[in-house]
Every structure is written in structure tokens, then in C-alpha cells.
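The values are calculated or read from the model by the stated rules, or taken from the named source; none is laboratory data. Just so we're clear, the structure is a prediction, and the values are computed from it rather than from any experiment. Cβ sites come from the backbone with ideal geometry, for glycine too, and all protein chains shown count toward neighbours. Heads up: the accessible areas ignore ligands, DNA and RNA and are worked out on the full protein's heavy atoms, side chains in. Shrake-Rupley method; radii C 1.70, N 1.55, O 1.52, S 1.80 Å.
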Amino acid sequence: MVKYTINRLVSGVVVLFVISLITFFVLTVIPGDAALLSLGTDATPERLEALRESMGLNQPWYERYFSWLTHFLAGDWGNSLFFGEDVLTLIMQRLMITVSLAVLSLLLAIPVAAIIGIFSALYQDKWIDRLARTVMQLGDAIPQFWLALIFLVFFSGKLGWFPVPGFIPVEEGWWRSLHSLLLPSIVVAIGLIGYLIRIIRSSMLSALEQDFMLMTRVNGLSPAQAVFKYALRSAVIAPVTTILMQLAGLLAGTVLVESIFALPGVGRLLLVAVEQRDIILLQGTVMFITGVVVCVNFLADILYRVINPMIQFGGERNA
């Protein structure tokens, strides 16, 4: 287990290094002048040249990369060209909004998906299974941006059940803040439910077909005991991993929802960085999101062993 943990940590560091190299190289070769975008077309050649010099744009890309990497590892992520503020500070200011949106979306999606997915597997080819497959297809077919616009116009504009787009800070009241996140969270949750149902249903069907389920009947356990004590324990591994990865993916995957609902989260910050070609901000945001995904993936791998000690890693043998 210790050897596996060390190997996973090393592989995570390698992934972060490769992503940083790819991100920096891609941002270097794409067309456009970061200095010109920062100062505008009215800037004098002298000011443009001075800014290029201060940003290191006149240096070879590999020198700029190692200079950036050294400062990044030291905790200096640089200042955003667009906002003029520290990149890490900008991310931390917006992180809680995106995390709150992601967690609330999962809290809404998981119970619904779990109930439908489990009963769909238990009653395969019955009406609830057909309902589950319909929900999965709808979840895959409905575009998130279209659903967000429809919900915004109908529930906020026409019915007035939710506030107009924008985030209300917790300082103005926790309920008002939660209420401002509820509608976008419902939109994200609807997109998650179909996918989670598919994972839960598939895992549950696989668990029900295992040999140990036959042994539970031989030992005289009731169907309910067999399902809750053995089948669910075996089936929960894939959904737990999926949920963790979805939580990490939502840090960057809520760009459209945050933009439509005017939420100042990490996803919208990433969009601004792309639109303004803010290389420093884009590098920091991409590395932060990649780091979160790597850490969550590592945590999911460790949880495999905690949930089911029978899993073997890297040639390990359980006693």
C-alpha cells in the first residue's frame, strides 16, 4: 500500500509537470500579442516593447517556462494582466463560489440518481428501469446552456421564484446566498443525474451477478440483507470514484452555467482569461484545476482500498 501510494504521488507530479509544459507551449505558439491585448491598440511601440520586456516575451520560450515554473513552485503565481491582481488570490476569491455550486449540485443529484439507479438494477426491465433509461437519455440529450436559459427565463423572469442572475455573498444572509445558487445548481444537477444513474445502475447490476450473492441466498439471508450488506458495498466503488471526479471536473465544467447566471466563479475566471489572452492567469487557473483533479484522483484510488480491502494494487497480495 505504501509503495502504491508513493507511485501514485510520483505519477501525479509527472502529470502536473507535463500539463504545465503543454499549457505553456500552446499559449506560446497561438497567435496574438499578450502585450498588445493588455495595453490596447492605442499603445505606443515604446510602451509595448517595455511591457514585452517586463513580461519576458522577448526571451526564448524555455527560459520563460523555467522562470515561470520556479516562481510558481515558490508560491508566486504572478499578477493577472487583465485584473492586475495576484493570480492565486483571484482563484481563491472565486473558488468558494464554484465549490458551493458543485457541492450543492451533487447533493441534489446523488440522492435522485442513487434511488433510481439502485431500483432500476433491482427491477431490471420493469417500468422503473425503463424510466431510468429515459432519464439517462434526456440527461445526455438536453444541452446545459439551453436548459439554463429556459430555467432562467421561466423560473426567475416569469415566475420570480429565484433572484435575477448574480451571486449574493453569505454576508448578506446565508439563505439569500444559497437561494442565488439554487437554480444554477439544479441545472448542473440535471446534467449529472443521467450520468450517475448509468454508473450506479451498471455497478449494481454487476454486483448482483457476482458469486457472493448466490452464497447469501445459500446462507439464508433475506434479499434486503443481501442487497444492503453485500451488493451495495461492492457496487459503491465506481459511483464514489465518479462522484469525486465529477466534483473535480465541475471546477472547470461550470463555465457556461456561471456565465449565464453571472456567477463569479473559477469557471468564469477561466473564460475571462481565455477571452483576454491573459497568459499568466490562464496558466495559473489551468494548473490549479489540474492539481485538484490529480489530488481527487489520488484520493479516489486510496478510497478503493478503504471501501473494499480485497482490491489489490501493483502486485500486492492481501493476507
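Here are a few things to note about the model shown:
- Principal axis box of region 47-197, alpha-carbon based, largest edge first, Å: 69, 37, 26
- Accessible area of region 106-185 belonging to carbon and sulfur atoms, whole % at 1.4 Å probe: 72 percent
- Cα-Cα pairs of region 71-119 separated by more than 16 Å (percent): 60 percent
- Summing Lys and Arg as +1 and Asp and Glu as -1 over all other residues whose Cβ lies under 15 Å from the Cβ of Thr98 gives a net charge of +1.
- Taking Cβ atoms as reference points and 15 Å as the exclusive limit, the residues near Val294 contribute a net charge of 0, counting Lys and Arg as +1 and Asp and Glu as -1.
- Accessible area per residue in Å² at 1.4 Å probe, computed on region 80-124: 46 Å²
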